[in-house]
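I have placed the structure first, in the form of structure tokens, so that the comments after it can refer back to it.
The values are calculated or read from the model by the stated rules, or taken from the named source; none is laboratory data. Given the structure is predicted, the values throughout are model-derived calculations rather than measurements. Every residue, glycine as well, gets a Cβ built from its backbone with ideal geometry; the counts of neighbours run over all protein chains shown. Calculation scope for accessible area: heavy atoms of the full protein, side chains included, ligands and nucleic acids excluded. Shrake-Rupley method; radii C 1.70, N 1.55, O 1.52, S 1.80 Å.
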Amino acid sequence: MRMDQELPLYIQNLTFRYHRRNTPSITNINLEVKPGELLLIAGTSGCGKTTLLRCINGLAPRVYSGDLTGEIAIFGKSVQQLSMSELSQQVGTLLQDPERQIVSSHVFNEVAFGLENLAVPRQRIIYRVEETLEYLKISHLRDRETFSLSGGEKQKVALAGILVMQPKILLLDEPLASLDPVSAADALQMFRKLADDGITIIMVEHRVEDVLAIHPDRVMYMEDGQVIYSGDPQGMLDTIEINRVKLPAEVVVKRLTPGSFPSICPPAPPTDPRELVRFDHVNFRYKPESDLVLKDVNFSVRQGDIIAILGPNGAGKTTLVKHAIGLLKPTRGTVFLEGKPTQQLSVAQAAATLGYVFQSPSQMLFAPTVQEELEFGPKNLKHPPEQIQQNVDWALKSVNLLHERKSPPLALSFGQQKRVSIAAILAMRSRILMMDEPTTGQDYWNYLSFMDAIIQMPGFDAILFITHDLDLALIYSNRILLFKDGQIMADGRPEEVLSDTELLRSTHVLPTSLLRLNLELLPRTGRFMRAEALVNYL
Amino acid sequence: MLVSFSYRPRHSFIERFDPRARWIMSLALLFSIVLFWDIRILSFFFVLSILQVFLARLTWQETRRAWLFILVLSTMMILVNTIITGGGTIGGVISGGKPLLQFQLKIPVTGWIIHYVLTRERVWFALAQFLRIISIGSLFLVIPFTMDPRKYGVTFRGIGLPDKLAFTMDLAFRFIPTLARDFQITLDAQRARGYEVEKIEGNLFTRIRRMAPLFVPVTMNAILAGEDITNAMDLRCFGLKKRTWVESLKYQEIDYLMIGISILILVGSLLLRFVFHTGDFWFPM
């Protein structure tokens with residue numbers, strides 16, 4: 001082993017196999033990282049990124065037992081020989097979901113937690129907590145309750161709780177996953193600053209395009225536990241397979257030849273569409289004393305609409321769609337579902353026409369088998385048994401899960417669970433489909449394939465989806481609702497709404513490379529499309 | 001639904017005391033109250049407890065649900081324990097006694113005859129029990145509304161619990177609102193699938209089974225979140241050594257006074273009960 005005291009991280013021939021698995025999760029990893037270097041590790045889900053992080057921060061094999069071979073050294077000392085308290089002052093880890101790593105009810109106490117555990121004297125803790133809060137520019141959050149913070153704020157607080165322990169290496173596990181584009185851009189700038197200030201950063205993330213904006217010094221691409229590429233960012237863009245991770249649109253079009261990809265695009269709405277849902281001067285507040293969450297919202301969903309609802313976190317997007325199915329009733333104004341005010345409908349009655357897929361599948365899956373999970377909704381709606389069986393079969397086929405019919409939904413992978421949760425709504429044969437963040441936690445490859453499948457599915461009068469992913473809206477919708485502060489800021493065809501740069505800036509929507517390329521080519525294409533299709537117009 | 005812990009600073013008299021002193025006071029009074037069935041002594045504790053509620057500046061609106069809960073619970077206990085079955089649990093109520101109300105009930109089919117007598121003694125016993133429950137209830141009802149959740153951990157540490165156990169109290173405060181929110185989301189998600197919790201019928205087991213769509217996801221989520229939380233805590237060295245508590249507590253004179261009085265009351269109660277043998281069930285002749 002090389003005894004380089006200067007090198008923050010040195011990994012040689014690292015292989016790790018969990019005891020409960022038969023095959024290693026990562027094989028033969030070699031890596032050297034210099035001080036202040038920002039390394040991006042990209043790859044599809046299940047590629048071994050998380051296992052690699054666990055080997056570096058010591059959770060594997062300390063908490064996750066398994067066989068580790070090869071060497072990992074932090075500043076020349078083997079990770080296995082360091083105690084957990086020594087290790088945690090060298091390596092800080094930001095877990096994927098900030099919500100699940102905040103342990104205290106208040107910000108100040110949360111940041112102090114690690115130092116308390118290290119038995120640092122009280123006055124010293126207070127000084128360092130305040131210093132760290134100031135460094136991250138979140139001193140104003142000091143006495144707030146952690147529960148009431150926004151996603152971006154939560155992440156900064158979690159990060160403060162790690163930085164306060166003054167680690168030399170920072171591990172970030174998909175730090176952008178739960179953030180809206182503006183918070184994500186903000187977080188990325190912060191990571192850049194940390195690296196510039198000398199902290200070594202190892203970031204696992206599949207939103208490659210976003211991370212490239214802060215110029216990582218090096219990129220590593222993994223598949224099936226092995227390193228496929230390691231080197232400068234440009235080299236990765238030229239090497240890895242398109243559609244595995246999301247690459248900048250310019251790169252995609254440069255690498256493809258015209259006509260190589262079939263283009264799936266949203267169908268145009270019919271000329272004389274039926275009105276399905278109508279919001280009529282809808283105001284809503286959660287409690288009499290709280291602020292309005294929806295402010296005089298007016299719009300209709302018509303037959304053939306595929307609506308993407310865009311807007312920053314906390315804008316009221318979820319509150320809006322919950323009104324359509326009657327889970328929330330307007331404080332003032334009326335929501336009509338097929339002409340009937342939702343006040344006169346029970347949620348169960350509304351559910352017969354309108355299916356609503358919640359953001360996280362784990363919040364609704366409960367049945368012992370996929371088959372029973374799918375029967376749950378139709379049975380509640382009192383569909384006849386033979387019809388239920390038919391619809392369940394159809395739904396399973398639509399999401400490509402026929403072979404998992406007898407499996408327990410909770411034992412499936414996250415991506416499969418997400419598909420089960422969609423199938424559970426499909427089986428109810430609702431004619432309007434609403435989805436809240438259908439693509440979170442899915443890698444690029446997976447979400448493209450199931451969005452393709454949904455768009456092509458027959459039987460829906462209209463589809464609505466809430467998303468942070470501008471490209472998703474751009475590719476799949478034929479109408480965009482821009483939402484901010486409880487109000488509709490814009491409503492129209494994607495080509496109209498998204499070409500207004502001033503409007504996008506004021507609603508915190510960050511243009512992507514795909515949008516820029518589409519706008520450039522719009523005179524020739526006439527409408528927005530995915531990068532693979534744009535190739536034909538270059 | 002879940003109890004929401006609605007602490008906010010109220011600048012009340014009771015908040016000027018150290019939380020440790022308040023816990024010691026509450027526990028001392030609790031142990032004293034359970035010694036007695038004599039309504040005259042219980043009235044003294046009742047007044048103390050209610051006094052605390054007023055000194056804490058609690059309003060009816062915010063405490064309404066907690067009070068209703070205590071009232072329903074005490075009414076049920078009293079009905080079962082004293083009014084219906086009679087006697088109570090300590091055998092303090094002499095059988096017989098002066099009847100206030102009596103009637104006979106013949107159950108159809110079986111032909112069983114129920115002879116029901118409500119005696120004066122039972123009514124007084126019910127009253128004593130009511131006073132006990134309300135005193136204890138209001139003693140502890142004040143705590144979540146007036147004690148800063150940040151101080152729970154260090155308070156329990158200060159009373160003598162080990163670090164790990166004491167910190168668990170802090171964790172609980174962190175997760176109650178999250179759990180309540182997750183429950184609401186799951187309820188909404190299932191309602192969107194046509195599930196109607198109001199319409200659950202059948203016997204106990206059927207009902208429990210039909211609640212599975214709510215409890216399975218909430219429990220599974222809590223378990224999954226638990227894994228992340230323990231990782232996050234391990235990575236930040238929880239439980240490796242004796243920890244510092246950044247929240248600090250300092251006894252003032254009034255705290256010593258409160259602890260002193262509380263101990264006096266407890267010792268006095270013990271003396272009354274076990275040396276002077278007073279405080280048994282009592283009613284006016």
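Does residue A:407 satisfy the criteria of being polar (S, T, N, Q), surrounded by 19 or more Cβ atoms within 10 Å (Cβ to Cβ) and at pLDDT 85 or above? No, not satisfied.
The stretch A:300-360 holds strands (runs of 3 or more DSSP E) entirely within its bounds, and those carrying 1 or more residues that are within 14 Å of chain B (Cβ to nearest Cβ) map to A:332-337, A:354-357.
Of all residues in the stretch A:154-176, one or more are open to solvent by 10 Å² or more (accessible area, probe 1.4 Å), more than 23 Å from residue B:244 (Cα to Cα), touching a Lys or Arg at 6+ places or on another chain (Cβ under 9 Å) and not in a helix (DSSP H, G or I). Within the stretch A:123-157, the residues that satisfy the criterion of being modelled with pLDDT of 95 or more and facing chain B (nearest Cβ under 8 Å) are A:125, A:126, A:129. Listed by position, the strands (runs of 3 or more DSSP E) inside the stretch A:424-533 whose residues that are in contact with a strand residue (DSSP E or B) (Cβ under 8 Å, 6 or more places away or on another chain) and without any contact (Cβ under 8 Å) to a residue 60 or more places away in the chain number at least 2 are A:487-492. Among the residues of the stretch B:39-64, those that are surrounded by fewer than 16 Cβ atoms within 10 Å (Cβ to Cβ), in contact (Cβ under 8 Å) with a residue 24 or more places away in the chain and either of a type in the set (D, E, K, R) or in a loop (DSSP other than H, G, I, E, B) (or both) comprise B:40, B:57, B:62.
Restricting the stretch A:87-101 to residues that are more than 7 Å from chain B (Cβ to nearest Cβ) and aliphatic (A, V, I, L, M), the residue that is surrounded by the most Cβ atoms within 10 Å (Cβ to Cβ) is A:91.
The one condition from (1) at pLDDT 90 or above; (2) within 10 Å of another protein chain (Cβ to nearest Cβ) that residue A:84 does not meet is (1).
Of the residues making up the stretch B:156-171, those that are touching a Ser or Thr at 6+ places or on another chain (Cβ under 9 Å), facing another protein chain (nearest Cβ under 10 Å) and open to solvent by 20 Å² or more (accessible area, probe 1.4 Å) number 1. Of everything in the stretch A:371-385 that is over 23 Å from residue A:463 (Cβ atoms) and more than 9 Å from chain B (Cβ to nearest Cβ), the residue that is surrounded by the most Cβ atoms within 10 Å (Cβ to Cβ) is A:375.
The single condition from (1) touching a helix residue (DSSP H, G or I) at 6+ places or on another chain (Cβ under 9 Å); (2) at pLDDT below 75 that residue B:103 fails is (1). Restricting the stretch B:217-255 to residues that are away from every other protein chain (no Cβ under 14 Å) and touching a residue at least 12 places away in the same chain (Cβ under 8 Å) leaves a set whose member that is surrounded by the most Cβ atoms within 10 Å (Cβ to Cβ) is B:255. Of all residues assigned to the stretch B:266-278, at least one qualifies as being touching a helix residue (DSSP H, G or I) at 6+ places or on another chain (Cβ under 8 Å), assigned to a loop (DSSP other than H, G, I, E, B), farther than 22 Å from residue A:57 by Cβ and more than 12 Å from every other protein chain (Cβ to nearest Cβ). Return the only residue of A:288, A:269 being assigned to a loop (DSSP other than H, G, I, E, B) and buried (at least 16 other Cβ atoms within 10 Å of the Cβ). One residue alone meets the criteria, A:269.
When A:37, A:71 are screened for being among the acidic types (Asp, Glu), within 28 Å of the chain's Cα centre (by Cα) and either open to solvent by less than 60 Å² (accessible area, probe 1.4 Å) or at pLDDT 90 or above (or both), only A:37 passes. Residue A:417 falls short on exactly one of the conditions (1) assigned to a helix (DSSP H, G or I); (2) away from chain B (no Cβ under 14 Å); (3) open to solvent by 10 Å² or more (accessible area, probe 1.4 Å), and that condition is (2).
Screening the candidates A:353, A:342, A:334 for the property of being open to solvent by less than 40 Å² (accessible area, probe 1.4 Å), closer than 25 Å to residue A:452 by Cα and more than 27 Å from the chain's Cα centre (by Cα) yields one hit, A:353.
Within the stretch A:128-153, the residues that satisfy the criterion of being open to solvent by 20 Å² or more (accessible area, probe 1.4 Å), part of a helix (DSSP H, G or I) and of a type outside the set (Asp, Glu) are A:128, A:135, A:139, A:140, A:147, A:148, A:151. Taking the stretch B:127-216 as the region of interest, the helices (runs of 4 or more DSSP H) fully inside it that hold 3 or more residues being closer than 22 Å to residue A:356 by Cβ are B:163-191. In the set (1) open to solvent by 30 Å² or more (accessible area, probe 1.4 Å); (2) farther than 28 Å from residue A:363 by Cα; (3) under 20 Å from the mean Cα position of the chain (by Cα), the condition left unmet by residue A:500 is number (3).
Identify, please: which residue in the stretch A:103-114 is of a type outside the set (D, E, K, R) and more than 7 Å from chain B (Cβ to nearest Cβ) and is, among those, farthest from residue A:178 (Cα to Cα)? Can you show your working first?
Looking only at the stretch A:103-114, we keep the residues that are of a type outside the set (D, E, K, R), and these are A:103-109, A:111-114.
This time we only want the ones that are more than 7 Å from chain B (Cβ to nearest Cβ), so: A:107-108, A:111.
Values: A:107: 19, A:108: 22, A:111: 20 Å.
Filtering first and then ranking leaves A:108.
Every residue, every condition in (1) in contact with an Asp or Glu (Cβ under 9 Å, 6 or more places away or on another chain); (2) of a type in the set (A, V, I, L, M), yes or no:
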residue: A:139; (1), (2): yes, no
residue: A:148; (1), (2): no, no
residue: A:158; (1), (2): yes, yes
residue: A:161; (1), (2): yes, no
residue: A:170; (1), (2): no, yes
residue: A:177; (1), (2): yes, yes
residue: A:180; (1), (2): no, no
residue: A:189; (1), (2): no, no
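Restricting attention to the stretch A:55-81, the residues being outside any loop (DSSP other than H, G, I, E, B), within 13 Å of chain B (Cβ to nearest Cβ) and in contact with a Ser or Thr (Cβ under 9 Å, 6 or more places away or on another chain) number 4.
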